[in-house]
Amino acid sequence: MKAATDTQNLTERIAHEIREKLVNGELAPGQRLSEAALSEALDISRNTLREVFRVLTKEGLLVHEPNKGVSVAVPDMASIIDIYRVRRMIECQALAQAYPMHPARALMHQAVADARRYSEAENWAEVGTANMAFHKAIVALADSERLNEMFSHLLAELRLAFGLLRDPHFLHAPYVEMNQHILQTFESSKPADAAAELHDYLVHSERIILAAYARQLAQTGLKTA
């Protein structure tokens, strides 16, 4: 029984590590994953890695093709639209109903500071990672572990959608100031106004991603999962 539990815990830990790689932009949409190289890098058996692949494939983050192996999923338009629909439902509600002195506010501040520091260094990929942290902190305002876990999965899918644009400066630069303004509005005891700003922000972001996806699809015939 203990061995089975240990194996399950290891699978969950490794699955979490790979999700974090996706959220941090370390794995790109469509990228092939070498079973041999990844099992060695993560110091796990191939059997364990295959179970991790099964879990992440079920979540829609990876794709298994017979005779081709496993690759990182490429979100399609329907998935992107659904991701943003869920984001607006969760994030805007969490922000609108939150207490302005909630401890997650510190995480929002840290994410804004990190994004500003990385933008000054023109490290736009890390600006994107800081942006992910900002939105994760917004969801933390809801004080729900279930929402936190579900949103961490959603962030991995979201970063894959961002990866379709292949221009992190264009994608992430505008949101450095937007995140700062949303935080200021929230801390001014105007959570409903902050939520309205966030709603417009997410609509804007969705349009950019969908337009970029359509262009790339037209130019390269991009195949989705």
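The values are calculated or read from the model by the stated rules, or taken from the named source; none is laboratory data. Being a predicted model, the structure only gives us computed values, none of them experimental. Note that each Cβ is placed from the backbone with ideal geometry, even for glycine, and that neighbours are counted across all protein chains shown.
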What single numbered condition from (1) in contact (Cβ under 8 Å) with a residue 12 or more places away in the chain; (2) among the hydrophobic types (A, V, I, L, M, F, W, C); (3) outside any strand (DSSP E or B) fails to hold for Val63? (3)
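Conditions (1) buried (at least 22 other Cβ atoms within 10 Å of the Cβ); (2) at pLDDT 85 or above; (3) under 9 Å from the mean Cα position of the chain (by Cα), marked per residue:
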| position | (1), (2), (3) |
| --- | --- |
| Gly128 | yes, yes, no |
| Ser144 | no, yes, no |
| Ala156 | yes, yes, yes |
| His169 | no, yes, no |
Kindly indicate the residue of the range 177-194 that is more than 11 Å from Met108 (Cα to Cα) and under 23 Å from the mean Cα position of the chain (by Cα) and also surrounded by the most Cβ atoms within 10 Å (Cβ to Cβ) among those meeting that condition. Ala194
How many residues of the range 17-34 are part of a helix (DSSP H, G or I), at pLDDT below 90 and surrounded by fewer than 18 Cβ atoms within 10 Å (Cβ to Cβ)? The answer is 2
Looking at the range 95-103, is at least one residue free of Cβ contacts under 8 Å to residues at least 60 places away in the same chain and within 25 Å of Glu206 (Cβ to Cβ)? no
Does the range 44-60 contain any residue that is loosely packed, with under 14 Cβ neighbours inside 10 Å, out of contact with any helix residue (DSSP H, G or I) (no Cβ under 8 Å at 6 or more places or on another chain), farther than 21 Å from Leu210 by Cα and not β-branched (Val, Ile, Thr)? yes
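Is the range 147-167 home to any residue that is in contact with a strand residue (DSSP E or B) (Cβ under 9 Å, 6 or more places away or on another chain) and either farther than 16 Å from Leu198 by Cβ or in contact (Cβ under 8 Å) with a residue 40 or more places away in the chain (or both)? Give the derivation first.
Filtering the range 147-167 for residues in contact with a strand residue (DSSP E or B) (Cβ under 9 Å, 6 or more places away or on another chain) gives 160, 163.
Remaining after also requiring either farther than 16 Å from Leu198 by Cβ or in contact (Cβ under 8 Å) with a residue 40 or more places away in the chain (or both): 160, 163.
Yes: one or more hits.
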Counting only residues that are charged (D, E, K, R) and surrounded by fewer than 21 Cβ atoms within 10 Å (Cβ to Cβ), which one in the range 158-167 is farthest from Arg19 (Cα to Cα)? Asp167
Only one of Met132, Met108 is touching a Leu at 6+ places or on another chain (Cβ under 6 Å), more than 26 Å from Ala212 (Cα to Cα), in contact (Cβ under 8 Å) with a residue 60 or more places away in the chain and not small (Gly, Ala, Ser); which? Met108
Single match in Ser71, Ser119, Ser79 (criterion: within 21 Å of the chain's Cα centre (by Cα) and over 30 Å from Ala194 (Cα atoms)): Ser71
